[in-house]
Structure formats: structure tokens, C-alpha cells
Amino acid sequence: MLVHGLMFLKPEEVALVTDSIRRLAIAGVFGFIGNYWLHRKLEDDLRAFQRTLSGNSGGTNADTVPMA
């Protein structure tokens with residue numbers, strides 16, 4: 001799609017927009033990485049919240065291990 005848009009520009013106009021397109025693509029990559037990182041953090045927080053509500057800490061604790 002980008003190539004089709006650039007086909008209608010003159011060579012000197014293409015030179016003017018390539019830097020903007022490059023910056024927009026790089027910003028999109030960083031935005032995707034940031035969004036993925038936030039998604040993973042939210043999943044971790046929701047799992048911790050679910051463990052808190054269920055009363056299961058997920059690990060072994062001296063208070064939760066039954067005495068023999």
C-alpha cells in the first residue's frame with residue numbers, strides 16, 4: 001500500500017516523505033513493544049489478584065504447610 005502511494009509522487013517528493021515514514025514505522029514498532037509489555041504486566045497483576053482472592057499464594061509458606 002505504501003508503494004502505491006509513493007508511485008504518485010515525484011522523486012524529489014519521495015525524498016521528503018521517506019524520513020517521516022521511517023520515523024512513523026519505528027514509532028509503531030516501539031508502540032507495539034510497549035503495548036505488549038503492558039499487556040504482560042497486566043496479566044501478571046491479574047494472576048496475582050486471582051491468587052489473592054482464592055487464598056492460594058502459589059508457593060510454600062510455613063503458615064500454609066500442614067503439620068504432621
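The table that follows gives values for the structure above.
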read-out	value
Conditions (1) surrounded by 10 or more Cβ atoms within 10 Å (Cβ to Cβ); (2) modelled with pLDDT of 90 or more; (3) over 23 Å from the mean Cα position of the chain (by Cα); number of the one not met by Leu9	(2)
Scan of the range 26-41 for residues that are of a type in the set (A, V, I, L, M) and open to solvent by 100 Å² or more (accessible area, probe 1.4 Å), ordered by number	Leu38
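The values are calculated or read from the model by the stated rules, or taken from the named source; none is laboratory data. The structure presented is a predicted model; accordingly, all values stated were derived computationally and were not measured. Glycine gets a Cβ as well: all are built from the backbone with ideal geometry, and neighbour counts include every protein chain shown. Quick note on the areas: whole protein, heavy atoms, side chains included, nothing else; ligands and nucleic acids left out. Shrake-Rupley method; radii C 1.70, N 1.55, O 1.52, S 1.80 Å.
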